[in-house]
Each structure stands twice: as C-alpha cells, then as structure tokens.
Number of protein chains: 2
Amino acid sequence: MVDVKSVANPLFLREEELRQAIEMLFFAYRDFTGGPDEMLAEIGLGRAHHRVIYFVGRNPGITVSELLKILRITKQSLSRVLSHLVEEEFIIQTPGERDRRQRLLTLTQKGVELERRLTADQRERIADAFRKAGADAVQGFKLVLHGIIDAPDRERFDVSGGPTHAPVARVGNKIAGDKMPGTKIAGIKR
Amino acid sequence: MVDVKSVANPLFLREEELRQAIEMLFFAYRDFTGGPDEMLAEIGLGRAHHRVIYFVGRNPGITVSELLKILRITKQSLSRVLSHLVEEEFIIQTPGERDRRQRLLTLTQKGVELERRLTADQRERIADAFRKAGADAVQGFKLVLHGIIDAPDRERFDVSGGPTHAPVARVGNKIAGDKMPGTKIAGIKR
DNA sequence: TTTTTACGTCAACCATGTTGACTTACTTTC
DNA sequence: GAAAGTAAGTCAACATGGTTGACGTAAAAA
C-alpha cells in the first residue's frame, strides 16, 4: 500500500526526515570515534588527547589559546591532557618568537606517528563512505555539514565545490580572510 | 597563483579532503549538541539524559536491552540516568505483556514536552542547513552519513533517495527486515 | 527442575568536563 | 618606567557519565 502520510501530510515527512538526520548524526559520530577510542585506550589515552593531537598536528605552532577556542573547553581541562602529552613526549612546547609568553605547540615524531595511526582509521571510514556515495554526494555532505556548523567556525572551511565533474583551477579566489595572522587554522591551506 | 598541490598531487587533495571532512564532523557535532546541552543544564540533566529521552520518544515501549544496544553503554551507566528520569517522571516503565521480565519504556507527557523542546533546537539547525544546501545536497549528506555508520545500525535508515525531483509513491518496497519482532527501531516506520 | 535471560543494584574507579582563586612572566599602554 | 593587561600555568573541589566486577530477583525457556 501507498504510504498515505508522505502523500497527504508533507509536514510529517519533513519531521521524519529531520529526525532521521539527527539520528544518523548520532550513529555516525558514535562509530566515527569508536576506532580511535579503542587504540587510545590501549595506551592509556582518551578522546580528549586525540582531539589535542589532531589539532596540533593540523596547526603546527598553534598557541594554547587558539587551541582552547577550537576545543571550547577550559584551560584547566586542556591542561590535564596537554601536560600529559608533553610529559609523554607526544608534543613539545616552544616559546613564541614575537611574544615569548606564548607556548607554541608542535607534535614530536612520536606524536606524528600516533596521529597518523589514529586518523588513518577515521580517514579510511570516511573514504569508504565517500567512495560508496560518489562525488556529488560528497559535495552535498560537505554543504550540509557546513550549514550545521556555527558561523564563527564555518569559515574555516572552503566548501565551494572543488573539482568533481569539471575540474577548474580556481585562481586566487579569497574564501575567508585570515583572522589569526601567522597561523592557518583547520583546513584552510592555500 | 594556482594551488600547485591540487593540480600536481591528487593524493594530497584526497588527504586534504578527508581531513576536512573529519574536522567538519567534529565541529558540526560539537555545535549540534551545544543547544540541548544548555537547556538540559538548566534543569539539572545532561547529554546522557537527552539520548535516553530521545530514543525512548522515538521508540515507545522499547526495552532496556534494546536501548542499551543503541546507546552502546553498560546497563549500570544507563541505570543512573534512567532511574533519575523515572523518578522525575519523564519516563514510565511498564512490564512487558508477552515477557513480564521486560520493563517497557515510554515517555510521560512531561517527557514528551521536554523531548520536543530539546529536539526542536536540533531540528531547526538541521532544517536551516538543509534549506541552505538544497535537496540534492541533503540526499548526498544522508548517503555519506549512511556509509559512515557501522553495518549493524546502517539498516535502521532508508536512504534510497525519497521524493526530491520526481516524487514517487514507493509501494511496499521492503528496505530492511525487522530484526526485532514487535518493535520498530529508530527511523524505520512503514 | 534447572538453566538462562532481563533487569536491577552496590561499590569502586576513571576520564573529562566545570568553577574559582591565585601566580608568573611577558607585553602594552599611559 | 610604572601600571595595566594578557598568555599560560597551577591548585582545589566538584559533576557527569563512562567503566569493571560481583551479586540478586523474577520470569521464561529448556
């Protein structure tokens, strides 16, 4: 039989569609973090360490306060994981050149290796999903995620639709102004 | 100038694209849970309570063990939040008819109201993102998320591309067999 | 009747978040 | 050059929500 609701009541469909998205986000995130969590547990680290390692790896020389803005946690909370990572030599701190109050954070070789192992798992999961879904779906995926992210962080991402069907070398089209001089943040590298 | 890397080294682009997706997932989930978290804090509840309320609301009469499978936490952990929710009369437990060992979970009116308030925030965020991105992007979004989710839970979702351009009344096309007789789980309602 | 299952409970522990108060070193401003 | 502001760290106390392990009760299944 025909599903009456979807024909007679578009509002139900909308509600249903949105709930589906909410749930998929829940399940996807749960499974997305599952792999790394297991690896981390084996070496006595947690998800919080992963996040720090990830964003330091992504933004070498990042300052503590920049990292705090990304993670949206308190410095006391960060301190716990960060000092552990420094003790265990996954991360080194070097005083800033221009401002010597800053402690610039960088991964050590050991840190880089761990980061690779952790991210490899997630990258593979995403890559599989991308492959199955196809290039257009990937573009849609990014567009929607982009819209879900709060405005201040949204501009970290260029989602303007890279080379899918007709690869075009986009020349010097500024997408987001650098808010933090001297430091490129999460994913905007041009 | 043209970005040399994306032209000369497609592997770099791929790596870059995957990392971008990883980060967007992080930011999106962080912001996606932010709204409800604030509301919950005001009434002395946490994200864990939200998840329970959500999935009970979605699956009225769900058993404890089914809920545990969805949440992937221990029963001791669930017990803490669940018994609180029962005490505060957001949820009622009724013995199963066929199997009287079971405690079937249902939202009270108070529970339904809270669920609405919490989910409204998330639904609005998703709806905005969907509106901005367009129908095709939404379909891509779902397809990719679907691929990210582990196989066992994947079949909770019908992602076959509903009515976007040409609405078709799909007639009795079985998408996933019921694994749990008598109980419809998260998003599969036909 | 025995065994298995669904659910609950007590206890201890851990990871990771919070607030609040205070310190140190360095930079900026007047 | 002194005062104010800022980057980072620290100590302490607490909350939330996960974990393991052991044990109990009632009902269903073998």
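So A:SER83 fits all but one of (1) among the polar types (S, T, N, Q); (2) open to solvent by 100 Å² or more (accessible area, probe 1.4 Å); (3) within 10 Å of DNA strand D (Cβ to nearest atom); what number is the exception?
Only one criterion is unmet by A:SER83, namely (2).
Residues A:ALA127, A:ALA135, A:ALA120: which one is away from DNA strand C (no atom under 13 Å from the Cβ) and in contact (Cβ under 8 Å) with a residue 24 or more places away in the chain?
Checking each option against the conditions leaves just A:ALA135.
Given the condition open to solvent by 10 Å² or more (accessible area, probe 1.4 Å), at pLDDT 95 or above and basic (Lys, Arg), answer yes or no: does some residue in segment A:11-28 qualify?
Within segment A:11-28, none of the residues are open to solvent by 10 Å² or more (accessible area, probe 1.4 Å), at pLDDT 95 or above and basic (Lys, Arg).
Restricting to segment A:12-40, name every residue that is more than 7 Å from chain B (Cβ to nearest Cβ) and hydrophobic (A, V, I, L, M, F, W, C).
Matches in segment A:12-40: A:PHE12, A:LEU13, A:PHE26, A:MET39, A:LEU40.
Quick check: is even one residue across segment A:52-71 of a type in the set (Gly, Ala, Ser) and away from chain B (no Cβ under 11 Å)?
yes
For segment B:84-113, which residues satisfy the criterion of being within 14 Å of DNA strand C (Cβ to nearest atom) and more than 15 Å from B:VAL52 (Cα to Cα)?
B:THR94, B:PRO95, B:GLY96, B:GLU97, B:ARG98, B:ASP99, B:ARG100, B:ARG101, B:GLN102
Quick one: A:GLU113 ticks every box in (1) surrounded by 12 or more Cβ atoms within 10 Å (Cβ to Cβ); (2) under 30 Å from B:THR33 (Cβ atoms) bar one, so which box is it?
(2)
Criterion first (modelled with pLDDT of 80 or more, open to solvent by 30 Å² or more (accessible area, probe 1.4 Å) and more than 7 Å from every other protein chain (Cβ to nearest Cβ)) does A:ALA135 satisfy it? Working first, answer last.
Details: modelled with pLDDT of 80 or more: yes; open to solvent by 30 Å² or more (accessible area, probe 1.4 Å): yes; more than 7 Å from every other protein chain (Cβ to nearest Cβ): yes.
Considered against the rule, which asks whether it is modelled with pLDDT of 80 or more, open to solvent by 30 Å² or more (accessible area, probe 1.4 Å) and more than 7 Å from every other protein chain (Cβ to nearest Cβ), A:ALA135 comes out as yes.
Give just the number: which of (1) within 8 Å of DNA strand D (Cβ to nearest atom); (2) among the polar types (S, T, N, Q); (3) over 22 Å from A:ALA28 (Cα atoms) does B:SER77 not satisfy?
Looking at each condition in turn, B:SER77 falls short on (3).
Could you check segment A:21-102 for helices (runs of 4 or more DSSP H) lying wholly inside it with 1 or more residues that are without any contact (Cβ under 8 Å) to a residue 60 or more places away in the chain and under 30 Å from B:PHE130 (Cα atoms)?
By residue number, A:47-58, A:64-71.
The values are calculated or read from the model by the stated rules, or taken from the named source; none is laboratory data. Since the structure is predicted, the reported quantities are computational estimates derived from the model, not experimental observations. We place every Cβ from the backbone using ideal geometry, glycine too, and count neighbours over all the protein chains shown. All accessible areas refer to the heavy atoms of the entire protein, side chains included, with ligands and DNA or RNA removed. Shrake-Rupley method; radii C 1.70, N 1.55, O 1.52, S 1.80 Å.
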